[in-house]
Structures are given as structure tokens and as C-alpha cells.
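Here is the structure we will look at, set down as C-alpha cells.
The values are calculated or read from the model by the stated rules, or taken from the named source; none is laboratory data. Keep in mind the model is a prediction, meaning the values are calculated, not measured. Reconstructed Cβ throughout: ideal geometry from the backbone, glycine too, with neighbour counts over all protein chains shown.
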Amino acid sequence: MNERRILAAGVLLVAFTGPISRPIHCQEPAARVVIAASTLLDGRGGVLRDTRIVIAGSRIVAIDPKAEPVTYDLRALTVLPGWIDSHVHMTWHFGPDGKNAGAEMRTPFAALAAASNAWATLMAGFTTVQSVGSAEDLLLHESISRGLPGPRILTAVAPLLGRGDSTGTPEEMRAYVRTQKRAGADVIKLFATFSAVRPGLLFTQAQLDAICDEARKQGLRTLVHAYGEAVRAATLAGCNQIEHGALATDDDLRLMASSGTYLDPQAGLVWENYVTNSDLFIGTPGYPTGAFSQIEAAIARSHAFFRQASAIPGLKIVFGSDALAGSHGRNAEEFIHRVQDGATPMAAMVSANSLAAEALGMADRIGSIAAGFEADIIGLDGNPLSDMTAVRRVRFVMKGGIVHLNVRN
Ligand SMILES: [Zn+2]
């Protein structure tokens, strides 16, 4: 959320650009697993009753009501694909003094805090996240690939903050994109405005056009932190996804809908977290005294914008919590805010399943329970379609065929 400086892909990256060594798993996926479900949300808006999921290794191989023997009987739960959070800051933590320490991970304490964030996020039912604001994400990504429990992490590595002028030729912008790709980025994150109270455009249209065009040519997606006029500018530039988006007009949102641009507004968790933990943020870098003096207005603006966006036909609203220090593991609270702001429970679920997977370019791999997909499966005590607070009661988590949580009441 806060203003970020331009980060160079630096020393930390260099240390981790070697080939990934052999993963150390304490647990390997079983050869064959059968999960029984009485209520199964398929991630695409469908509900299946009294069926079974057959898993071989890390993948779902069949949906077969007659499959036997049953390995996990989840008939007391609602079963659905592991959630996808399109916008987190995975390494952002509170430091040894309890206060906001940002996303940098230069001490053992910070590294362990980031590992805790990853574990808490996975236990909360999020099996894939897109972390968009820190080169340190690569370290965590690497550790998880070696066996640390955590969600699958896609990362932007270092975001680019526009300078508010025409400094930086289109060719230099294109070079930045290529540098990010070499550093291991899955996505390019741009700050095209500071905030809703400082919504001036920080890139020229030519710069935005160059970045989003080059990203597309490099096979990367683009996420743009944007308020007001930047929403339209980024949409016209062909960028893939807008983060936040407040102050956009209905016309801007209709343009996004017709362009197929994804919107990831935050209805509530990020603000609720700032209110709850304001004393831990105030006075730390990026949060000067008085930083939250306008927070009531910001909360009202976010809720109103979510309602405004929800009313635009065809607009693809994906799930992103903007989880940072204090909200890792509570990502699902954002679902509750969104439903209170008018999202249907099913739309809220799909926004973090197949729609989020589509936005990540992974629609054929995650976000659905169907043959051929990763075995990312969670179970909730309760049915979110009738009681959204069920998202707080995650009782079963499988990621890539490995069970990380399986508790019974
Ligand atoms: Zn953010």
C-alpha cells in the first residue's frame, strides 16, 4: 500500500540465481489418494454433491463418486480449490521491537518472520499467492521450493515507481522489464500513482505503453497500482491488472471490462489491519505521524469503490488482500468485507479460484477441482455460500498433493 522506492535487483538476487538444489521434502505426495466430499465447489461456480476426488502424486486425475478406498473423508466440510491471493507482501513483518519492519529480509529474525508468514498463509487456505513488492520474495520462493511449508509464490521481484515526469525513455522502460525477467520475475509491478490522496499519474502514457507492451512480449503480466486517471491510462496501455483502482469513473471501469483488464480492489482487510495495528505502523518508514489521520475516509472510499466496481457488467474482479505485516494468515477476512459490500458468495469464491488463476495465466493448472489440475484442495467447517464466516474455519489444506493441515472438531 505505501509508497515504495525503486528497488534495484541487487545483491540478494545474485546469491540465489543458481540452479535449485534437490528439494528436501519431509513428505512426498502419495501415489493415490481419494477424498470424499458431500459439498464440493469446483472453483468455477459449480457445486458438486456426494462425489470423490482422485489424486495421483501432485495432480487430480479424476472426479469419480465411486472411487475407493477413501483416504480422507471430508464429508463434514465444504471442499474447494485452495485459494489464490493475487496481491500479498509475503516477507513484510513486524520486527523484534514489534513494530513495522517492512519487507526487507536482511536478518535471521526477518527471515524467520517471512517463513512464519508463509506458513500462516498456507494454513489459512491460500495455496498460491502473488507477492508484489520485494526482491526478498525470491528467497522465500526458493525456500518453499526446497520444502519450507508455504504457498506457491509468484513474484514481481522489484516494483517500479514512476517518477512523475518523462524521465526514462520508452527503450529504458523496456530494458527495465527485461532486467526484471532475468531476475526471476513472474509479473511486473508498477506504481502509476502514489495513493488516492495523491492520484497524479507517475508515468507518461508512452512509458506505460512501453512497459506493458514489452512485458507482453517477454511473456510477463503487468500489475499496476493505480488510482484515478492512472486506471484508464494503464488500461489503454494494455496492462493486465489494476490494483486498488479507487477514483476511477464508471467509464474507466467499463473500458476495463471491455478490454479484459482485471481489477483487484481491496474492500477492507488492509484498512482494518491498519486500524487494528496503527501503533505498530506509525513512526516507521513510510508511515509518518498522522499517516492514518484520513483513514476513516479511506475505509469509506474503499467500500464505496468495491460497490461501484461490482455493478459494472463484465468487469473481472479478482481476489487480492494486500496482506502485509499483521494480516498474513487473515487474508480470508477480505472475502467477508467483499460480500458485505455486495459480492455474491460464489463470486467471492471464484475470484480467488478459477478467475484468479486465469489472471495469473495459470487457468489450466490451479484454481479448479478437475482432472489434470494441481491437487490444491481445502476444506472449510461450514459452507461459505450460506455463511461467509466459514472462510475463517479452514480444517484441511492440501497443496500439490501434500496434506499440510487436517484437523477434526
Ligand atoms: Zn500492496
**Complete:** Subset of the range 249-275, residues in a helix (DSSP H, G or I) and under 16 Å from the mean Cα position of the chain (by Cα), comes to LEU269, VAL270
**Pick from the range 128-156, criterion among the polar types (S, T, N, Q) and farther than 18 Å from ASN331 by Cα, ranking: surrounded by the most Cβ atoms within 10 Å (Cβ to Cβ)** = SER134
**Asked** Regarding VAL339, is this residue of a type in the set (A, V, I, L, M, F, W, C), at pLDDT 95 or above, surrounded by fewer than 24 Cβ atoms within 10 Å (Cβ to Cβ) and farther than 25 Å from THR91 by Cα?
**Response** yes
**Request:** Mind telling me which of the residues THR91, THR127, THR107, THR179 ends up being among the hydroxyl-bearing types (Ser, Thr, Tyr) and without any contact (Cβ under 8 Å) to a residue 40 or more places away in the chain?
**Result:** THR107
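From the list ASP381, ASP387, which one is among the charged types (D, E, K, R) and in contact (Cβ under 8 Å) with a residue 60 or more places away in the chain?
Working: ASP387 fails: in contact (Cβ under 8 Å) with a residue 60 or more places away in the chain.
Only one candidate passes the filter, namely ASP381.
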**Request:** Name every residue in the range 359-383 that is closer than 20 Å to SER58 by Cα and either part of a helix (DSSP H, G or I) or not hydrophobic (A, V, I, L, M, F, W, C) (or both), in order of residue number.
**Result:** GLY361, ASP364, ARG365, GLY367, SER368, GLY372, GLU374, ASP376, GLY379
**Message:** Quick check on ALA103: is it touching a Phe, Trp or Tyr at 6+ places or on another chain (Cβ under 8 Å), buried (at least 18 other Cβ atoms within 10 Å of the Cβ) and within 20 Å of PHE281 (Cα to Cα)?
**Reply:** yes
**Subset of the range 117-134 that is among the aliphatic types (A, V, I, L, M) and within 15 Å of the ligand (Cβ to nearest atom) - its residue that is modelled with the lowest pLDDT** = VAL132
**Prompt:** Do we find that GLY125 is surrounded by fewer than 20 Cβ atoms within 10 Å (Cβ to Cβ), out of contact with any Lys or Arg (no Cβ under 6 Å at 6 or more places or on another chain) and not acidic (Asp, Glu) in this structure?
**Reply:** no
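Out of the range 146-171, which residues are more than 16 Å from the ligand (Cβ to nearest atom) and more than 18 Å from the chain's Cα centre (by Cα)?
Of all residues in the range 146-171, those more than 16 Å from the ligand (Cβ to nearest atom) come to 146-152, 163-171.
Passing the criteria: ARG146, GLY147, LEU148, ARG163, GLY164, ASP165, SER166, THR167, GLY168, THR169, PRO170, GLU171.
Against the condition touching a residue at least 60 places away in the same chain (Cβ under 8 Å), surrounded by fewer than 24 Cβ atoms within 10 Å (Cβ to Cβ) and outside any loop (DSSP other than H, G, I, E, B), how does HIS303 come out, does it pass? First the steps, then the outcome.
Numbers: touching a residue at least 60 places away in the same chain (Cβ under 8 Å): no; surrounded by fewer than 24 Cβ atoms within 10 Å (Cβ to Cβ): yes; outside any loop (DSSP other than H, G, I, E, B): yes.
It is false that HIS303 is touching a residue at least 60 places away in the same chain (Cβ under 8 Å), surrounded by fewer than 24 Cβ atoms within 10 Å (Cβ to Cβ) and outside any loop (DSSP other than H, G, I, E, B).
So for the range 328-344 (the condition being part of a loop (DSSP other than H, G, I, E, B) and touching a Gly at 6+ places or on another chain (Cβ under 6 Å)), does at least one residue qualify? Break it down into steps so the answer makes sense when it comes.
Just the residues of the range 328-344 that are part of a loop (DSSP other than H, G, I, E, B), to begin with: 328-332, 341-344.
With touching a Gly at 6+ places or on another chain (Cβ under 6 Å) added as a condition, the list becomes none.
Looking for residues that are part of a loop (DSSP other than H, G, I, E, B) and touching a Gly at 6+ places or on another chain (Cβ under 6 Å), one finds none in the range 328-344, hence no.
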**Prompt:** When the range 312-342 is examined, which residues are found to be away from the ligand (no atom under 16 Å from the Cβ) and either free of Cβ contacts under 8 Å to residues at least 40 places away in the same chain or of a type in the set (D, E, K, R) (or both)?
**Reply:** LYS316, ARG338, ASP341, GLY342
**Fill in**
When ALA309 is run through (1) at negative phi; (2) small (Gly, Ala, Ser); (3) touching a residue at least 60 places away in the same chain (Cβ under 8 Å); (4) within 16 Å of the ligand (Cβ to nearest atom), the failure sits at (4)
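Does at least one position in the range 178-197 carry a residue that is assigned to a helix (DSSP H, G or I), of a type in the set (Gly, Ala, Ser) and within 15 Å of ALA158 (Cβ to Cβ)? Working first, answer last.
Filtering the range 178-197 down to residues assigned to a helix (DSSP H, G or I) leaves 178-183.
Restricting the remaining residues to those that are of a type in the set (Gly, Ala, Ser) gives 183.
With the extra rule that they be within 15 Å of ALA158 (Cβ to Cβ), the set shrinks to 183.
Taking every residue of the range 178-197 in turn, at least one turns out to be assigned to a helix (DSSP H, G or I), of a type in the set (Gly, Ala, Ser) and within 15 Å of ALA158 (Cβ to Cβ).
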**Request:** Could you check, for the range 161-169, whether at least one of its residues is without any contact (Cβ under 8 Å) to a residue 40 or more places away in the chain, among the polar types (S, T, N, Q) and not in a loop (DSSP other than H, G, I, E, B)?
**Result:** no
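So that you can scan it fast, the table gives a plain yes or no per residue for (1) in contact with a Ser or Thr (Cβ under 9 Å, 6 or more places away or on another chain); (2) surrounded by fewer than 22 Cβ atoms within 10 Å (Cβ to Cβ); (3) touching a residue at least 24 places away in the same chain (Cβ under 8 Å):
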{"site": "ARG254", "(1), (2), (3)": "no, yes, yes"}
{"site": "GLY260", "(1), (2), (3)": "no, yes, yes"}
{"site": "ASP264", "(1), (2), (3)": "yes, no, yes"}
{"site": "SER278", "(1), (2), (3)": "no, yes, no"}
{"site": "ALA291", "(1), (2), (3)": "yes, yes, no"}
